[in-house]
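See below for the structure under consideration.
The values are calculated or read from the model by the stated rules, or taken from the named source; none is laboratory data. Note that the coordinates shown come from a computational prediction; the quantities given were computed from them, not determined experimentally. Please note: Cβ atoms are built from the backbone with ideal geometry, for glycine as well, and neighbour counts cover all protein chains shown.
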Amino acid sequence: MSRFTWAPSAYRLLNGVLCVYKPAEVPARKVVETVKLNLARELNALPCYQHEIPLGQAGVTENISVKDVSKETQTEAIVDWSEHRLVLGNRYEKTDFKIQFVDGISANTSGIFLMGIGKFGMESVNMIAQSKFLRVYHVKGRLGWATDNFTPVGHIIERTSFKHVSRPKLDKVCAAAQANHTRQMYRLHGVNPDSQEAYEMAAQGLIRPSARKSEPVLYGVKCIDFQPPDFTLEIHCINETCQYLRCLVHELALKLKTTAVCSGIRRLRYGFFDTQRALISRQWHLDHIVDNIDSNMDLLTPDRMFVGTQAEKVELLPPDHSAGYLPEDQLMIDHGQDLLEDSALTTGPDCVLENGQFKKK
């Protein structure tokens, strides 16, 4: 039973950022459609037209006050049938809800899923995308075999032994991957990783890529569970895709002289949004959605939204892949964009924000 008594007032509150927990095996579009259908159904169950509340109250009053049905001295109020539900039908349809999600995850991935509802919500998710927030994943892998798409359901192309793989060896490979991406991040900004300038950049905070569509960057890779053949990695990254994370598991296994598939991916955090703020599927209803939108308003302040928009475009150093093995494998992943091609715009005192995009004054 909803706490709202008037549908239009509840509809006006659907304007902000909604954080849900997407189950595995459910496509992102299906999540959006489910939220729209639930909102339309529950809003239509409330009084939607002006005549509905007065008619309900009049019916109760008449049953209590009328004692003699033979006395019909009072004239009934004229009802405007042009605005009746039986004439117009339901007031809300799923097309009335404008919902846009940011950095969606694949169908077999679970975790934090952000959606913007209404004009303000859609503008907010656009700014969240431009801020390039850090994302945290738990990625599960299974040693001993490889498939054509790096998942257990793919076509098996190889089986290998993994008895020689130990926790320290896996930790060493993860640390090498993290260090390689750290050095690569400095190169993307045209800075020598061993220079004083690199130290000053690191002292200012997280070094983010200049372009949203640049190659993925790993800020942390560590093994949090190792029970052969299964293991779990905690990965902190920006500009990643689920396919990239699956490929990363495969690449790490190759460095260990074995093979592995990615058996599961779970997004634990997206910037300031974590699992404590996410609604599970049985909570995707009107009251919970309105409460979630209201509770997320404190995360949409300027001091939180613009933390990742200060990266500047500089001249790149000549590419050097001798330090690691991950950057040259980007063609295996759906990142066909050129390096920093879209980073012509910078942010600063000479830029303004228009429709969620940073533009020169």
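What about MET122, is it farther than 18 Å from LYS213 by Cβ and among the aliphatic types (A, V, I, L, M)?
For MET122, the condition - farther than 18 Å from LYS213 by Cβ and among the aliphatic types (A, V, I, L, M) - is met.
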Discussion item. With the requirement that a residue be small (Gly, Ala, Ser) and under 21 Å from LYS255 (Cβ atoms), what does segment 120-168 give you?
Written reply: GLY141, GLY144, ALA146, GLY154, SER161, SER166
Discussion item. Just the residues that are closer than 19 Å to ALA179 by Cβ and polar (S, T, N, Q), please, taken from segment 223-271.
Written reply: ASN239
Discussion item. So, in segment 106-124, how many residues would count as being modelled with pLDDT of 95 or more and not in a helix (DSSP H, G or I)?
Written reply: 9
Worksheet item: Here is a list of conditions, (1) in contact with a Phe, Trp or Tyr (Cβ under 8 Å, 6 or more places away or on another chain); (2) over 23 Å from GLU25 (Cα atoms); (3) at pLDDT 75 or above, and ARG135 meets all of them except one; can you say which number that is?
Response: (2)
Worksheet item: When you look at PHE150, is it within 27 Å of VAL217 (Cα to Cα), in contact with a Phe, Trp or Tyr (Cβ under 9 Å, 6 or more places away or on another chain) and not in a helix (DSSP H, G or I), yes or no?
Response: no
Item to complete: Exactly one condition in (1) more than 16 Å from the chain's Cα centre (by Cα); (2) surrounded by 19 or more Cβ atoms within 10 Å (Cβ to Cβ); (3) among the basic types (Lys, Arg) is not met by LYS119; state its number.
Response: (2)
Discussion item. Is it the case, given these coordinates, that ASN239 is surrounded by fewer than 21 Cβ atoms within 10 Å (Cβ to Cβ) and under 25 Å from ILE112 (Cα atoms)?
Written reply: yes
